[in-house]
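Read the structure below first, then the notes.
The values are calculated or read from the model by the stated rules, or taken from the named source; none is laboratory data. Remember, it's a predicted structure, so these values are computed and weren't measured experimentally. A quick note on method: Cβ atoms are made from the backbone with ideal geometry, for glycine too, and the neighbour counts reach across all protein chains shown. In case anyone asks, the SASA skips ligands and DNA or RNA and just uses the protein heavy atoms, side chains included. Shrake-Rupley method; radii C 1.70, N 1.55, O 1.52, S 1.80 Å.
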Amino acid sequence: MRYAIYFTPRQDEPLARIAANWLGRDPFGAATRPVEAVADLSAAEVAFHTASARRYGFHATLKAPFHLAATETEASLRAALDHFAEVTPVVTIPRLVVSQIDSFFALVPDGPLPPLNRFADDVVRDFDRFRAPLSEAEIERRSPDSLKPVEFRNLCQWGYPYVFEIFRFHMTLSGRAGPRESPRLRAAIDSLFADVLRQPVLVDALTLFVEPEPGAPFMVLSQHALGRRPARKIA
């Protein structure tokens, strides 16, 4: 079993509903749903392009998936999330835009947002005590030879390469797409998300995800509202 601390909108928010339809799975429940054709993409093409993102559900990574440290429990992790959330203010993202990062499409903030980066940094630091050290096999799965020195140091120290100065908030919408496929994929994503992206996004909760067994879909376990509101248990 692995846990992860993500941001994801609440299940009933329009952005969450549209993303769940696009990816073919709602992480608040176990059931998948049939994807539909979007713009010039057939349903089969949408399913193909979203396959890698589907297992994780719609989210932005704050604390990447980890095995629980031997000295901690799920209950202690939830309690720490409650405490962190009580004293942490909501962060507003004025606007998300569609961007292509390393050949995959994602929603990212439209411009630098230092409060969001500081929030992500705090999550990485505060919850590292709950993370069991990576095994040699887990490090190898990250293809360490392909990482930059700072990324490799982050992987060894924090369990994930892309933290702190190289963190980039993003909510993944697809797998990697080549130059021939990207324009049609981008057009489909733009057509589906255009209206909802006109609204600001509130990062107003930490969401605890769980991978029940290796390779299983990640599911929402609980959401912990920021700003002195009680956690809402999901499972």
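Values computed for the structure shown
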{"item": "Members of the stretch 129-152 that are open to solvent by 100 Å² or more (accessible area, probe 1.4 Å) and among the basic types (Lys, Arg)", "result": "Arg129, Arg141, Lys148"}
{"item": "Contacts under 7 angstrom Cβ, first residue in the stretch 115-126 being of a type in the set (D, E, K, R), partner part of a helix (DSSP H, G or I), 6 or more apart", "result": "Asp121/Phe164; Asp126/Phe84"}
{"item": "Selected residue (criterion: surrounded by the fewest Cβ atoms within 10 Å (Cβ to Cβ)) from residues of the stretch 157-169 that are farther than 20 Å from Tyr3 by Cβ and of a type outside the set (Phe, Trp, Tyr)", "result": "Glu165"}
{"item": "Cross-chain or 6+ apart pairs with Cβ under 6 Å, the stretch 69-82 first and of a type in the set (Gly, Ala, Ser) and modelled with pLDDT of 95 or more, then surrounded by 15 or more Cβ atoms within 10 Å (Cβ to Cβ) and in a helix (DSSP H, G or I)", "result": "Ala69/Phe130"}
{"item": "Inter-residue pairs, beta-carbon under 9 Å, first over 15 Å from Ala19 (Cα atoms) and in the stretch 166-187, second assigned to a loop (DSSP other than H, G, I, E, B) and of a type in the set (Lys, Arg), 6+ apart", "result": "Ile166/Lys148"}
{"item": "Inter-residue pairs, beta-carbon under 9 Å, first closer than 23 Å to Gly175 by Cα and at pLDDT 95 or above and in the stretch 87-100, second among the aromatic types (Phe, Trp, Tyr) and part of a strand (DSSP E or B), 6+ apart", "result": "Val98/Phe105; Ser99/Phe105"}
{"item": "From Val201, Val196, Val163, residue being touching a strand residue (DSSP E or B) at 6+ places or on another chain (Cβ under 7 Å) and touching a residue at least 40 places away in the same chain (Cβ under 8 Å)", "result": "Val201"}
{"item": "Any hit, the stretch 42-52, residues being in a helix (DSSP H, G or I), touching a residue at least 60 places away in the same chain (Cβ under 8 Å) and within 13 Å of the chain's Cα centre (by Cα)", "result": "yes"}
{"item": "Residue match in the stretch 19-26 (condition: closer than 30 Å to Glu151 by Cα and among the hydrophobic types (A, V, I, L, M, F, W, C))", "result": "yes"}
{"item": "From the options Ala120, Ala80, residue that is touching a Phe, Trp or Tyr at 6+ places or on another chain (Cβ under 9 Å), surrounded by 16 or more Cβ atoms within 10 Å (Cβ to Cβ), under 17 Å from Ala60 (Cα atoms) and of a type in the set (Gly, Ala, Ser)", "result": "Ala120"}
{"item": "The stretch 128-147 residues that are free of Cβ contacts under 8 Å to residues at least 12 places away in the same chain, paired with ones that are assigned to a helix (DSSP H, G or I) and surrounded by 11 or more Cβ atoms within 10 Å (Cβ to Cβ) (beta carbon under 6 Å, 6 or more apart)", "result": "Pro144/Phe152"}
{"item": "Sole exception among (1) in a loop (DSSP other than H, G, I, E, B); (2) over 30 Å from Pro183 (Cα atoms); (3) touching a helix residue (DSSP H, G or I) at 6+ places or on another chain (Cβ under 6 Å) for Val35, by number", "result": "(2)"}
{"item": "Search result, residues across the stretch 85-117 that are in a loop (DSSP other than H, G, I, E, B) and surrounded by 17 or more Cβ atoms within 10 Å (Cβ to Cβ)", "result": "Thr88, Leu113"}
{"item": "Residue within the stretch 36-44 that is touching a Phe, Trp or Tyr at 6+ places or on another chain (Cβ under 8 Å) and open to solvent by 40 Å² or more (accessible area, probe 1.4 Å) present", "result": "no"}
{"item": "Restricting the stretch 4-23 to residues that are over 22 Å from Arg168 (Cα atoms) and outside any helix (DSSP H, G or I), the residue that is most open to solvent (accessible area, probe 1.4 Å)", "result": "Asp12"}
